[in-house]
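Some notes on the structure that comes next.
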Amino acid sequence: MAASNKSSRRNFIRNASLGVGALALGPALSALAMPAGKAKKKLGVALVGLGYYSYGQLGPALLHTKDCYLAGIVTGTPAKAVSWSKKYNIPEKNIYNYQNFHEIANNPDIDIVYIVLPVFMHKEYTIKAAQAGKHVICEKPMALNAKDCEEMIAACKKANRLLSIGYRLHFEPHNMEVMRLGQQHILGNIKKIDTGNGFTYNGDPNAWRLKKAMAGGGGLMDMGIYSIQGARYTMGQEPISVKATQQKLRPQFFKEVDETVFWELEFPGGLKTTGKSSYNNDWSYLKVEAEMGNFELGPAYGYGSIEGSVNGTPMKFPQIVQQAAQMDDFANCVTLNKASRVPGEEGLKDMKVVDAIYRSLDSGKWEKIS
């Protein structure tokens, strides 16, 4: 194995080894960093964009966090500002719109800005938030392409702000167990991985998710990120090439973006894994065959009710509020001034794979991931 691949595997194993124990130890470690007798400060989070994921997941999750809280919001809809203010007791001084967003720089209540906007706005507001002196969580997919990801990472480093991507499953016990099993070869070397994620989209045909300029793509960008992640964090390696095909059964609905995409990822050493994504199929699974058995998740990638098994024996892990664990971990990273286990570089790696998949769909050939 090349030195770079060894380094990649070590990083994956290091991250996975943090595991549930790291989440449990986080508050204790943070307390050690505090002066004696001084209580640890809960960090303020501002949600930028109050669409479904904010009101359905992140807002409620922030009622369960221990190390951060919902301090502010950014919205272009006055009615949302009123309803959120009442529901979460957000003071007027912590409510912003997109015209005065820059003024957030002067607000000490807000430590972290969480970007929950359409994908084409991720780069702009991540950079603006970092320049305003705020640490940033950006929802997935990180950006429209890998080049934009690189610019976001550079801007946060220049501003000396931490950047994390909203990969909640890195804090979910069943998926963390898959990382441990695969990366540490608990059942021997991996022989096969197959993973899929998708849902049947029957929403607004004019929604931003179906506009290429706004979403960057369709099911691959939205759902496929999870399948790509599943293979990557099970292997503990970065894929080196990809071959992809696609299917469109509803071309009038998915005019601009992909509907269903199938791919093979080639990893160092020659193993080829299979994956798929869709806006027209209900998939959520990760299946792994190893030398001494198999392990799988199904459902694998949802917000709850994740289930798994090892050699047919069910995994016995609790269902958690994934987003709460994710945001608390990042708050601890900010407090301790340490990198997140899902930094901007993690989002960049996924977008390099996505970019290569789209190149393969155009060329019909294997494409290098670089």
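The values are calculated or read from the model by the stated rules, or taken from the named source; none is laboratory data. Since the model is a prediction, treat every value here as computed from it, not as a measurement. Virtual Cβ from ideal backbone geometry, glycine too; neighbours counted across all protein chains shown.
Pairs, please: C-beta under 7 Å, at least 6 apart or cross-chain, first residue on the phi < 0 side of the Ramachandran plot and in region 52-73, second of a type in the set (Phe, Trp, Tyr)?
Short answer, once both residue conditions are applied: Gln57/Tyr303; Leu58/Tyr114; Gly59/Tyr88; Leu62/Tyr69; Leu70/Tyr88; Gly72/Tyr96; Ile73/Trp84.
Would you say Glu151 is without any contact (Cβ under 8 Å) to a residue 60 or more places away in the chain, out of contact with any helix residue (DSSP H, G or I) (no Cβ under 8 Å at 6 or more places or on another chain) and acidic (Asp, Glu)?
No: the conditions fail for Glu151.
Applying the selection to region 177-203, what residues are over 15 Å from Leu297 (Cβ atoms) and among the hydroxyl-bearing types (Ser, Thr, Tyr)?
Thr200, Tyr201 - these are the residues of region 177-203 that are over 15 Å from Leu297 (Cβ atoms) and among the hydroxyl-bearing types (Ser, Thr, Tyr).
Do you know which of the residues in region 127-144 that are part of a loop (DSSP other than H, G, I, E, B) and more than 15 Å from the chain's Cα centre (by Cα) is surrounded by the most Cβ atoms within 10 Å (Cβ to Cβ)?
Filtering region 127-144 for residues part of a loop (DSSP other than H, G, I, E, B) gives 132-134, 139-144.
Filter once more, keeping what is more than 15 Å from the chain's Cα centre (by Cα): 132-134.
Numbers: Ala132: 20, Gly133: 17, Lys134: 25.
For region 127-144, the residue satisfying everything is Lys134.
Can you go through Tyr226, Tyr167, Tyr233, Tyr201 and tell me which one is over 17 Å from the mean Cα position of the chain (by Cα), at pLDDT 95 or above, among the aromatic types (Phe, Trp, Tyr) and under 28 Å from Leu62 (Cβ atoms)?
On the way: Tyr226 fails: over 17 Å from the mean Cα position of the chain (by Cα); Tyr167 fails: over 17 Å from the mean Cα position of the chain (by Cα); Tyr233 fails: over 17 Å from the mean Cα position of the chain (by Cα).
Every option except Tyr201 fails the conditions.
Identify all residues within region 199-224 that are under 16 Å from Glu259 (Cβ atoms), surrounded by 15 or more Cβ atoms within 10 Å (Cβ to Cβ) and not small (Gly, Ala, Ser); write none if there are none.
Phe199, Tyr201, Arg209, Leu210, Lys211, Lys212, Leu220, Met221, Asp222, Met223
Looking only at strands (runs of 3 or more DSSP E) that fall completely inside region 272-370, which ones have 3 or more residues that are at pLDDT 95 or above, surrounded by 17 or more Cβ atoms within 10 Å (Cβ to Cβ) and among the small types (Gly, Ala, Ser)?
Numbers: elements: 272-278, 280-290, 293-297, 308-310.
Strands (runs of 3 or more DSSP E) meeting the threshold: 272-278.
Residues of region 75-86 being within 18 Å of Met121 (Cβ to Cβ) and either loosely packed, with under 15 Cβ neighbours inside 10 Å or out of contact with any helix residue (DSSP H, G or I) (no Cβ under 6 Å at 6 or more places or on another chain) (or both), which ones? Give the steps one after another, and end with the answer.
At the first step, the residues of region 75-86 found to be within 18 Å of Met121 (Cβ to Cβ) are 75-77, 80.
Matches in region 75-86: Gly76, Thr77, Lys80.
For the condition over 24 Å from Val342 (Cβ atoms), of a type outside the set (D, E, K, R) and either outside any loop (DSSP other than H, G, I, E, B) or touching a residue at least 24 places away in the same chain (Cβ under 8 Å) (or both), what is the one hit in Leu187, Leu220? Explain how you work it out, then say what you get.
Values: Leu220 fails: over 24 Å from Val342 (Cβ atoms).
Answer to the check: Leu187.
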